[in-house]
1. Could you check ASP65 against (1) among the charged types (D, E, K, R); (2) open to solvent by 20 Å² or more (accessible area, probe 1.4 Å); (3) over 20 Å from LEU157 (Cβ atoms) and say which number it fails?
2. Among the residues of segment 222-247, which ones are of a type in the set (S, T, N, Q) and touching a Lys or Arg at 6+ places or on another chain (Cβ under 9 Å)?
3. Output the qualifying pairs, or none if there are none: Cβ atoms under 9 angstrom, residues six or more apart or on different chains, first residue in segment 193-204 and under 13 Å from PHE167 (Cβ atoms), second residue of a type in the set (S, T, N, Q) and open to solvent by 40 Å² or more (accessible area, probe 1.4 Å).
4. Looking at HIS190, HIS152, which one is open to solvent by less than 10 Å² (accessible area, probe 1.4 Å) and in contact with a helix residue (DSSP H, G or I) (Cβ under 6 Å, 6 or more places away or on another chain)?
5. Out of the residues in segment 1-33 meeting the condition of being of a type in the set (Val, Ile, Thr) and open to solvent by 60 Å² or more (accessible area, probe 1.4 Å), tell me which one is nearest to the chain's Cα centre (by Cα).
6. Only one of (1) under 30 Å from THR107 (Cα atoms); (2) touching a residue at least 24 places away in the same chain (Cβ under 8 Å) fails for TRP209. Which number is that?
7. Can you pull out the residues in segment 109-139 that are aliphatic (A, V, I, L, M), out of contact with any Phe, Trp or Tyr (no Cβ under 7 Å at 6 or more places or on another chain) and either at pLDDT below 95 or open to solvent by less than 20 Å² (accessible area, probe 1.4 Å) (or both)?
Amino acid sequence: MNRPVGTATRGTTNPNRLRRMDRWIAHAHGPALRRADGAPVAVDLGYGAAPWTAVELLQRLRTADPRCEVVGIEIDPARVSAAKPYERAGLAFRHGGFEVPTADRPTLIRAANVLRQYDEPEVAAVWARLCGRLAPGGLLVEGTCDEIGRRHVWVALGPEGPRTVTFATRLGSLERPSDLAERLPKALIHRNVPGEPVHAFLRDFDRAWAAAAPYASLGARQRWIKAVTDLADTWPLADDRRRWRQGEVTVKWAALAPNSG
């Protein structure tokens, strides 16, 4: 067997940690899953020291397509062995890394809190490698969240490259939108400085949030919706009020892509 590509992560995981990301995937990628020939395969890449996120991913994707199957892939063989008792129909665990050793090309690869532990210059090559493993119409979702899943930021990529960036949060825990900066994925976290698009976006989001303060009396959700509605006047958002109500906002990647050099 060839050596897996990549290095072991810390393996930190908790039940329900990736619920916001999973629900967005089921919504945004559900139609592609349903169009797949045969049972669509989803990969939970780098699921960590316990298999909870893979188990939950299967449950949530099956709300979009009951045929879905999930393969959890870990570079640490001890973690794979520990997960094996959780296997059942539609859920398997395998030893591997960025080469994604599945028999069929996956329709979805989710890599949460994996590239956070790599250097920024490594990200583009990993993205390209993972996207190269996708089935036609497939999606790569790569991003970061906090330990209990209150705050997430992720990038969605197709075979052609990055498409969107989604910011998602439990609104009751949010003081200002720029609190999400600490959860930016590796491709963006070091770019949150003046002169970079992601910094300008978070600055404008904070301003819109401050201007929407009168809506706080109606609740954090209404304040968020008002702030995002105003943000849409100057930033190319890729979703609508239905997702904003969930404490999400999705921006086209081209608007936030790092400056070259």
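1. Failed condition: (2).
2. THR229, GLN246
3. VAL198/ASN192; LEU202/ASN192; ASP204/THR234
4. The match here is HIS152.
5. Checking each candidate, the answer is THR12.
6. Every condition holds for TRP209 apart from (1).
7. The answer is ILE109, ALA111, ALA112, VAL114, LEU115, VAL123, LEU134, ALA135, LEU139.
One line per residue, one yes/no per condition, for (1) touching a strand residue (DSSP E or B) at 6+ places or on another chain (Cβ under 8 Å); (2) within 19 Å of GLY30 (Cβ to Cβ); (3) touching a residue at least 12 places away in the same chain (Cβ under 8 Å):
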residue	(1), (2), (3)
GLU56	no, yes, yes
ASP65	no, yes, yes
GLU69	yes, yes, yes
GLY72	yes, no, yes
PRO77	yes, no, yes
LYS84	yes, no, no
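The values are calculated or read from the model by the stated rules, or taken from the named source; none is laboratory data. A quick note: this is a predicted structure, and the numbers were derived from the prediction, not measured. Note: ideal-geometry Cβ built from the backbone for every residue, glycine included; neighbour counts use all protein chains shown. Calculation scope for accessible area: heavy atoms of the full protein, side chains included, ligands and nucleic acids excluded. Shrake-Rupley method; radii C 1.70, N 1.55, O 1.52, S 1.80 Å.
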